[in-house]
Amino acid sequence: AVVTSRRGVASLAEVHPGDVAAILPLAALLTAPPAALVGELCRERPPVVRAETLVTDALCAIADRVGTECGHAVVTHNGDLSGIFDGAQALATLMPFDTWPEP
C-alpha cells in the first residue's frame, strides 16, 4: 500500500511504475508464515500496462509474466503510475459465475 502520512513511505506520485517489485494481495500477507519476510513473497515483477491497453491485452501481459491471468499489472497514464489492474477481478467481471455453462 502507498501511504502519504507515514515517514519513510513514498506517496503514489513518487513511485515510478518500473520500480514496483510486486503487488501482494491481502490474502498472501495474511496466510504467510509469521516469520516470513515481505520480500520472500515477491516472486515476479508485475507487468506495466498503459491505461489505454485493452483488458484482454492486459490479461495476456499478466499471464505471460506470471503464468495465469489472475495476477496484477501496474497501470500507467502519461508515464505516471495511475493504478493497479487486478486480473482476477477483471475476469470475474467479464465472466460472472452465474453465466458459466453447465458441465
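The values are calculated or read from the model by the stated rules, or taken from the named source; none is laboratory data. Since this is a predicted model, take the numbers as computed values, not measurements. Neighbour counts are summed over all protein chains in view; Cβ atoms, including those assigned to glycine, are modelled from backbone coordinates with ideal geometry. Note: accessible area is taken over every heavy atom of the protein model, side chains too, but ligands, DNA and RNA are not part of it. Shrake-Rupley method; radii C 1.70, N 1.55, O 1.52, S 1.80 Å.
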Residues that are open to solvent by 90 Å² or more (accessible area, probe 1.4 Å) and either of a type in the set (D, E, K, R) or modelled with pLDDT of 70 or more (or both), drawn from segment 11-34
Glu14, His16, Asp19, Leu26, Leu30, Thr31, Pro34
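Is it true that Gly8 is assigned to a loop (DSSP other than H, G, I, E, B), open to solvent by 40 Å² or more (accessible area, probe 1.4 Å) and either at pLDDT below 85 or outside the structural domain of Met95 (by the TED database) (or both)? Reasoning before the result, please.
Numbers: assigned to a loop (DSSP other than H, G, I, E, B): yes; open to solvent by 40 Å² or more (accessible area, probe 1.4 Å): yes; either at pLDDT below 85 or outside the structural domain of Met95 (by the TED database) (or both): yes.
It is true that Gly8 is assigned to a loop (DSSP other than H, G, I, E, B), open to solvent by 40 Å² or more (accessible area, probe 1.4 Å) and either at pLDDT below 85 or outside the structural domain of Met95 (by the TED database) (or both).
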Flag for Gly67 being open to solvent by 60 Å² or more (accessible area, probe 1.4 Å), out of contact with any Pro (no Cβ under 7 Å at 6 or more places or on another chain) and of a type in the set (Gly, Ala, Ser):
yes
Qualifying helices (runs of 4 or more DSSP H) (wholly inside segment 32-103; at least 3 residues being in the same structural domain as Val20 (by the TED database))
38-41
